[in-house]
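Below: the structure, in structure tokens.
The values are calculated or read from the model by the stated rules, or taken from the named source; none is laboratory data. Just so we're clear, the structure is a prediction, and the values are computed from it rather than from any experiment. Note: ideal-geometry Cβ built from the backbone for every residue, glycine included; neighbour counts use all protein chains shown. The accessibility values were calculated without ligands, DNA or RNA, using every heavy atom of the protein model including side chains. Shrake-Rupley method; radii C 1.70, N 1.55, O 1.52, S 1.80 Å.
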Amino acid sequence: MPEPGAPATPADRPDPAAPPALGDVAARLATRAELAKLAHELDLAPDELAFLADEPAEALRALRTDVATSLAARHEARLRRVAGLAGVLPPGLAARAAQQAGPVVGARVASALDPDDAVRLAGRLPLDFLAELTLSLDTAGVQRVVPGLDPALVTAVGRRLLDEGEHLVLGRLVSAVPPEAALAVVEHADPAALLQVALLVDDRSVLPGLVRELPVDALRTVLAACHDHGTETDALTLLTALDAPGRGRVLTCLASLPVEHRAGFLTVAAELGAWSEVLPGLPHVDDATLRTLLEPPAGPAALAGVSAAARAVGDTATVARLDAVGP
Amino acid sequence: MTQGVPVPPPLVRVAERLDVPLTELAALERCDPADLEALDTAIAMAQHAEDLEVRRSMRDAVRFVPAPLRRRVAAALFPADEPAETGAGTRAGAE
């Protein structure tokens, strides 16, 4: 990086007036999500960690994992003994003892329990307590315990967390359950909340499955809400986590929105230079949809951008298709 | 400050507190020392809160155990040689 005040040239520095590229925005968003998770781990407000806002998300994720590991390790031996005792108690008695111990220690013990014992115990605990316990369950605990739980119970806990605005914990939860269970949790969610959960998922590899299964109406509502709240950039960064069919699905939903919504997204995509991220979705979009997307006012610029992106990677078939379909 | 007992830089203390090699935190080297000091304090407080919560919860849970078994369960959960029960060994607790 040049020193502050050093003369910038096109060769060594991007135009400072130019908007950031999609990759930079996605990286900043990933850092923001990791900061929120680290703050949650340390019981701080995210702005108390603002000095870490320029760190890469991977470094913050590693730090968060180290913090979680250090907290779990402090009483590991003792909690394993408790888990051993809980495993031999009748489930009803163990459930009463867990409630007596409270949700934080309940979460630590659940992580140490044999997964089958944890599942048996969870079935005896009241929903409110389980939801509270889930707030303190670390990623490893979620991955060990949650997949074995009754999907109806996971859905009920997830909806309770959704009602309480616990998007960060939900992001952890939906990463550990099959897409159908995750969708059952979020099917009635407010679209803005749904976007937040997607931005905060622990494992972005679950997003293609979620977008594939999400009803078209729900996806359309999320896109419309992004336009209404000016969060098109957040939605576009999520596009980078999707597979080609998922990107096509998003583009198809976008084409079905009113023209001003489409224009809003395409303008932001042009500002971010996001056309290379849009390109993989085009083979999964039919010609009528593509024609709608390329309509004025924002369509011509999108056509130029996507054509250039296709030419840059030697995708002659897409270039020819755009020439044929475009205005 | 006691003369002759240098305080390690904050990043070294963070690494010690998390029990990880300093190299694992290399990305944080460019942070301001005052910010790293705050991070170290935040981690210390989180560890202290964890210790307090676990000890409180264990005591509450032991009270729930039927009287004839209580001493045995308490002995299993709080062995006399475990420092966390007395608060010693909880570095954050001393700060």
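The number of residues in region A:101-118 that are at the interface with another protein chain (Cβ under 10 Å from one of its Cβ atoms) and over 30 Å from B:T41 (Cβ atoms) comes to 0.
Sort out which residues of region B:65-85 are part of a loop (DSSP other than H, G, I, E, B), open to solvent by less than 80 Å² (accessible area, probe 1.4 Å) and either modelled with pLDDT of 80 or more or more than 19 Å from A:L71 (Cα to Cα) (or both), and write them in order of number.
Just the residues of region B:65-85 that are part of a loop (DSSP other than H, G, I, E, B), to begin with: B:65-66, B:78-82.
Going one step further and asking which of them are open to solvent by less than 80 Å² (accessible area, probe 1.4 Å), we end up with B:65-66, B:78-79, B:82.
Result: B:V65, B:P66, B:P79.
Listed conditions (1) surrounded by 16 or more Cβ atoms within 10 Å (Cβ to Cβ); (2) within 9 Å of chain B (Cβ to nearest Cβ) are all met by A:E58, apart from (1).
On the given criteria, is B:A38 more than 10 Å from every other protein chain (Cβ to nearest Cβ) and hydrophobic (A, V, I, L, M, F, W, C)?
Working: more than 10 Å from every other protein chain (Cβ to nearest Cβ): no; hydrophobic (A, V, I, L, M, F, W, C): yes.
Taking the combined requirement at face value, the residue does not satisfy it.
As a summary of the residue check, A:G23 satisfies the conditions (1) assigned to a loop (DSSP other than H, G, I, E, B); (2) modelled with pLDDT under 80 except for the one numbered (1). In the set A:A156, A:A95, A:A112, A:A53, only one residue is within 22 Å of the chain's Cα centre (by Cα) and more than 18 Å from A:V185 (Cβ to Cβ); that residue is A:A53. Within the option set A:A77, A:A86, A:A72, A:A98, being within 12 Å of chain B (Cβ to nearest Cβ), free of Cβ contacts under 8 Å to residues at least 24 places away in the same chain and not aromatic (F, W, Y) holds for one residue only, A:A77. Pairs meeting the criteria (first residue in region A:197-210 and within 18 Å of A:G158 (Cα to Cα), second residue open to solvent by 20 Å² or more (accessible area, probe 1.4 Å) and among the hydroxyl-bearing types (S, T, Y), beta carbons under 9 Å, at least 6 apart or on different chains) are A:V201/A:S175; A:D202/A:T139; A:D202/A:S175; A:D203/A:T139; A:D203/A:S175; A:V206/A:S175.
Could you please let me know if A:R74 is more than 27 Å from the chain's Cα centre (by Cα) and not acidic (D, E)? When the stated conditions are applied, A:R74 passes them. Highlighted here are the helices (runs of 4 or more DSSP H) found entirely within region A:258-327 that include at least 1 residues which are out of contact with any Ser or Thr (no Cβ under 9 Å at 6 or more places or on another chain) and surrounded by fewer than 16 Cβ atoms within 10 Å (Cβ to Cβ): A:259-272, A:287-293, A:299-312, A:316-325. Scanning region B:41-64 for residues that are of a type outside the set (A, V, I, L, M) and either at the interface with chain A (Cβ under 7 Å from one of its Cβ atoms) or surrounded by fewer than 19 Cβ atoms within 10 Å (Cβ to Cβ) (or both) yields B:T41, B:Q47, B:H48, B:E50, B:D51, B:E53, B:R56, B:S57, B:R59, B:D60, B:R63, B:F64. Looking across region A:144-172, the residues that are open to solvent by 10 Å² or more (accessible area, probe 1.4 Å), touching a residue at least 24 places away in the same chain (Cβ under 8 Å) and more than 22 Å from A:P91 (Cβ to Cβ) come down to A:R159, A:L162, A:E164, A:G165, A:E166, A:H167, A:L168, A:R172. Residue-level check: of (1) within 22 Å of A:E41 (Cβ to Cβ); (2) open to solvent by 40 Å² or more (accessible area, probe 1.4 Å); (3) outside any helix (DSSP H, G or I), A:A176 misses just (2). Taking the criterion of being free of Cβ contacts under 8 Å to residues at least 12 places away in the same chain and assigned to a helix (DSSP H, G or I), the only residue of region A:224-257 that qualifies is A:D228. Whether a residue is more than 30 Å from B:A76 (Cα to Cα), touching a helix residue (DSSP H, G or I) at 6+ places or on another chain (Cβ under 7 Å), in contact (Cβ under 8 Å) with a residue 12 or more places away in the chain and at the interface with another protein chain (Cβ under 8 Å from one of its Cβ atoms) was assessed, and A:L52 passes this test.
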